[in-house]
Amino acid sequence: MEEELKCPVCGSLFKDPVLLPCSHNVCLACARNITVQTPEGETPVQSRASGSSDYDYLDMDKMSLYSETDSGYGSYTPCQLKSPNGVRVFPPANPHRHCSLTCPLCHRSVSLDERGLRGFPRNRLLEAIVARYQQNRAASASSSSSSSSSSSSTAVKCQLCDRNPVDAAVMCEQCDVLYCNACQQRCHPSRGPLAKHRLVPPPNRAQPPATARKPATCVDHEAENFSMYCCGCKAPVCMKCLEEGKHAKHDVKPLAAMWKQHKVVRDQITHCTMKLRQTTGMMEYCLEVLKENDPSGFLQISDALIKRVTSSQDQWVKGALEPKVGPEFDLTLNTDSLLQSILQLDFCQGKAESGPSVPAAPILQLEKCCTRNNSATLAWRVTAPPGSPIEGYILELDDGNRGQYREVYVGKETVCTVDGLHFNSSYNARVKAYNAIGVGPYSKTVVLKTSDVAWFTFDPTSAHRDIVLSNENQTVTCNSYDDRVVLGTAAFSKGIHYWEVSIDRYDNHPDPAFGVARINTMKDMMLGKDDKAWAMAEGGIARGSTVGVLLDLTKHTLTFYINKEQHGPTAFENLDGVFVPAVSLNRNVQVTLLTGLEVPKNIKQ
């Protein structure tokens, strides 16, 4: 938790933190350092420190540089000054000119009004957490040094003295170690790599009792405490705010009631903890099962175990642990497929054989066999011999290059879909049945050809809740000013694939990102922020532009194109595994997906 309590500008624990409109925090003193002046004659960014979320990037933050050392994106701000934590710091602004402030984490900018930095609310909750954390850490440091000092002494001792430790003179916030003057000069000099560490006075063992926290006051009326919560503005308000008419027609509720209602995260923690315990227990059980050498005993439980593991994985990956928004839901049952199967049943009567025998060769139902993208679906039927019911079927496919057959399905179902095949390939398939007597003959061979190119859309089931899809899930926009991620419905592990994204709307210079990702990438931040996505975030596009993505898994590379022209060198190399097309955008952008495209001839392979 310590990293959450450090200011992104100075790298130290928050001191008098203020809450920016983008929900990030900075120290009040650091906020003064990163405030910049807007040149006279220019219009400030249309955003205010009073809580409006309609902010935009500064002109100096509109440049983005490609970087292979992180997650595929980078940003650049033309400033020479840097803080100890690596964040660029701007010189103090002249209060007589227009001023604005850029968040050091998300690079969103906000214009200051006549109140200046007083327009940002103080984050008293974060301030209290930092205070408690410092008290606990000081008590822990004091306890660790008490073994070498007398019980009546109240001063903490140096933790690096070999014998007879003396009183500590300083404590390093980053190292969390107490030093006397001699040990500090010897082991922690104020130069070299340790020059950026912050040395503070050592804490006393006897900590004063925590003082009662002052109630938060209104930003506009400093003498008034918050008493109500405005549901429309999503902010606490005081009684004077209601009397003056600013929130008179808004839906307001008691502050205490909304405080309890928004603490639903406690239930989520309990639910996640329970699922984690269940998953851990199931993992240990699976490991024990895999140690068994009895084939018959393993086959008895293997199907049920595979289903449990698959179900648990789907719950975690597809966001089954999201908060429930309502106690009611609609349950519908579609019986069309079942009715169609009943109408296609064939009834026959045969003469009983003299004795039990192996099953006959299954008959492939060609009207039900089909391919879609890189998956194939096969269906068959067979008449069971009298006295020996069929116990299961074995489906085999070759390697798509007239190679050896391999088993792809063993079970009791008569319909099977095989995923993960190669695009633009022909597969031979056959099936046989078995019972207690033995294994029957193979069916006739059927040839299934996969699609030449991939056809897919955006996936509404895995998209972030703020994503809005239309045009049969081919056009996407967003309800939030923050970046949200949406994935495609196709997954690639081999071959060469190319698709394009056309820019339908591009307002206020946003930074959409295009590329590929794993299925479990983060959905609530810009694509490429984590280590599960590879993307291009380019501000040089405009409305009407077309962004092309070339995923070459034969060379394991990813390349980007703008209006059919290659954009820079090969973006990423050494890509291996399964990748899904992905896009991140906010409400200022609307894009449309174009699939089923062949690699353009002017693009060199």
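Report in % the part of the accessible area of the stretch 363-469 that belongs to carbon and sulfur, leaving out ligands and nucleic acids; probe 1.4 Å.
Working: 2810 of 5770 Å².
Carbon and sulfur together cover 49 percent of it.
Close amide H partners of CYS180, meaning residues 5 or more places away or on another chain with modelled amide H under 5 Å apart, are GLN159, LEU160, ALA169. If you model the stretch 398-495 as an ellipsoid using its alpha carbon gyration tensor, with each semi-axis the square root of five times an eigenvalue, the axes come out at 40, 17, 10 Å, biggest first. In the structure shown, do any of LYS275/LYS494; LYS15/LYS532; LYS6/LYS529; LYS15/LYS523; LYS253/LYS275 have a Cα-Cα gap over 23 Å, and if so which? The pairs that break the limit, which is 23 Å between Cα atoms, are LYS275/LYS494; LYS15/LYS532; LYS15/LYS523; LYS253/LYS275. Our note on the geometry: Cα centres of the stretch 368-397 and the stretch 435-485, 22 Å apart.
ILE269 exposes around 100 Å² of accessible area when a 1.4 Å probe is run over every protein chain in place. For ALA361, no residue 5 or more places off, or on another chain, has a built amide H under 5 Å of its own. For the stretch 496-573, the Cα-based Rg and Dmax, in that order, read 12.6, 39 Å. When only the Cβ of Lys, Arg, Asp and Glu is charged (+1, +1, -1, -1), the dipole of the stretch 439-577 relative to its Cα centre reaches about 540 debye.
With θ taken as phi - 60° and the Karplus curve 6.51 cos²θ - 1.76 cosθ + 1.60 applied, the whole-hertz 3J(HN,Hα) list for the stretch 268-278 is 5, 4, 4, 5, 5, 4, 5, 5, 5, 5, 4 Hz, x standing for glycine and proline. Each residue of the stretch 488-496 was assigned a 3J(HN,Hα) from its phi angle through the Karplus expression (A = 6.51, B = -1.76, C = 1.60, θ = phi - 60°), giving x, 8, 9, 10, 10, 10, 8, x, 10 Hz with x at Gly and Pro. Checking every one of the chymotrypsin sites (Phe, Trp or Tyr not before Pro) in the stretch 425-466 against DSSP loop status and a limit of 16 other Cβ atoms within 10 Å picks out TYR442, TRP455. Amide H to amide H, with H built 1.01 Å from N, SER12 comes under 5 Å of CYS7, counting only residues 5 or more places away or on other chains.
How many Lys pairs in the stretch 336-474 lie less than 16 angstrom apart by Cα atoms, where the lysines are 8 or more positions apart or on different chains? Walk me through the intermediate numbers first.
Values: LYS368/LYS444; LYS368/LYS449; LYS412/LYS432; LYS432/LYS444.
Here the count comes out as 4.
I'd like the trypsin sites (Lys or Arg not before Pro) in the stretch 436-516 restricted to DSSP loop residues with at most 15 other Cβ atoms within 10 Å, sorted by number. Don't skip to the answer; put the middle values down first.
Working: sites: LYS444, LYS449, ARG465, ARG484, LYS494, ARG505; in loops: LYS444, ARG465, LYS494.
Within the stretch 436-516, the qualifying trypsin sites (Lys or Arg not before Pro) (loop, at most 15 other Cβ atoms within 10 Å) are LYS444, ARG465, LYS494.
The values are calculated or read from the model by the stated rules, or taken from the named source; none is laboratory data. Quick caveat: nothing in here was measured; it's all calculated off a predicted structure. All Cβ positions, even for glycine, are placed from backbone atoms using ideal geometry, and neighbour counts span all protein chains on display. Surface accessibility is based on the protein's heavy atoms, side chains included, excluding ligands, DNA and RNA. Shrake-Rupley method; radii C 1.70, N 1.55, O 1.52, S 1.80 Å.
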